[in-house]
Amino acid sequence: MNYIIINNKKIELNNVSEDTPVLWVLRDHLNLTGTKFGCGVGMCGACTVLVDGVATRGCQTLLSEVKEKKITTIENSEDKEMNILRMHWKEEDVAQCGYCQPGQIMNATGLLKENSKPSEEDILDAMDGNICRCGTYNRIKTAIFKASKDI
Ligand code: FES
Ligand code: FES
């Protein structure tokens, strides 16, 4: 592979091993540091990106697995669901330290792309694997619920 599609841009990737996790391709090779490293073992959600619109753990997904697929990261400013979520994130003053929040927003974006009118249970189920050490869970749930009304 010598290119990857990130946030609708085709990017040349030379001298990057195909067994490099997407998280490290983004952070180390492309300086897209909005995607965070938390646990590195698929348990916290900090590294969540979208692959063809589906929320995916960047630490558990290899470059070889995303050939010809579209990756969306928190740096994307043109995604409809993500921008609506951002607005409600701000209105609800969701973030505290902020470290987990890119992964939370990406996971919520994946949810709203799959199910634009989620129930409270749907939201809790979808967001269950995204850990927030600051305990912002209730505000996250409210922001997603309000965003779903605008979609
Ligand atoms: S860093 Fe990928 S799930 Fe925690
Ligand atoms: S806002 Fe601090 S870890 Fe979630």
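The values are calculated or read from the model by the stated rules, or taken from the named source; none is laboratory data. Keep in mind the model is a prediction, meaning the values are calculated, not measured. Heads up, the Cβs are rebuilt from the backbone with ideal geometry, glycines too, and the neighbour counts pull from every protein chain shown. All accessible areas refer to the heavy atoms of the entire protein, side chains included, with ligands and DNA or RNA removed. Shrake-Rupley method; radii C 1.70, N 1.55, O 1.52, S 1.80 Å.
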>> Report, in listed order, any pair from LYS90/LYS141; LYS10/LYS117; LYS67/LYS90; LYS36/LYS117; LYS9/LYS113; LYS90/LYS146 with a Cα-Cα distance greater than 23 Å.
In response: LYS10/LYS117; LYS67/LYS90; LYS36/LYS117
> ³J(HN,Hα) across the range 5-12 via Karplus (A = 6.51, B = -1.76, C = 1.60, θ = phi - 60°), whole Hz, x for Gly/Pro?
Replying inline: 9, 10, 6, 6, 10, 7, 10, 6
> Using a 1.4 Å probe, how large is the accessible area of ASP79, given in Å² and rounded to the nearest 10?
Replying inline: 20
>> Please compute, over every Cα-Cα pair in the chain, the percentage with a separation greater than 22 angstrom.
In response: 35
>> Can you give me the distance in nm between label points at SER64 and GLU78, each placed 7 Å from the Cα along the Cα-to-Cβ direction?
In response: 3.1
> Can you work out ³J(HN,Hα) from phi for every residue in the range 80-95, in order, using Karplus 6.51 cos²θ - 1.76 cosθ + 1.60 and θ = phi - 60°, giving whole Hz and x for Gly and Pro?
Replying inline: 4, 4, 5, 5, 5, 4, 3, 4, 6, 4, 5, 4, 8, 6, 5, 6
> What list of ³J(HN,Hα) couplings, whole Hz, do you get for the range 143-151 from phi and the Karplus terms 6.51, -1.76, 1.60, once you set θ to phi - 60° and write x for glycine and proline?
Replying inline: 4, 5, 4, 5, 4, 5, 6, 9, 9
> Given DSSP loops and a limit of at most 14 other Cβ atoms within 10 Å, what is the longest stretch of the chain that contains no such trypsin sites (Lys or Arg not before Pro)?
Replying inline: 1-66
> Which whole-percent values make up P(r) of the range 1-43 when all C-alpha to C-alpha distances are grouped in 5 Å steps starting at zero?
Replying inline: 6, 20, 31, 25, 12, 6, 0
> Who wins for biggest fluctuation among ILE11, ILE84, ILE140 in a Gaussian network model of the chain, springs between alpha carbons below 10 Å?
Replying inline: ILE11
> Summing -39500 (n - 2.57) over the DSSP H runs of n ≥ 4 in the chain and dividing by its residue number, what mean residue ellipticity at 222 nm do you reach, to the nearest 500 deg cm²/dmol?
Replying inline: -9500 deg cm²/dmol
> Cα-based Rg of the range 80-150 per 2.2 N^0.38 Å, rounded to two decimals?
Replying inline: 0.95
> What is the range 58-120 by shape, rounded, prolate or oblate, if you read a ≥ b ≥ c off the alpha carbon gyration tensor as root eigenvalues and call it rounded for a/c under 1.5, prolate for a/b larger than b/c, and oblate otherwise?
Replying inline: prolate
> Taking a probe of 1.4 Å, how large is the accessible area per residue of the range 58-121, in Å²?
Replying inline: 51
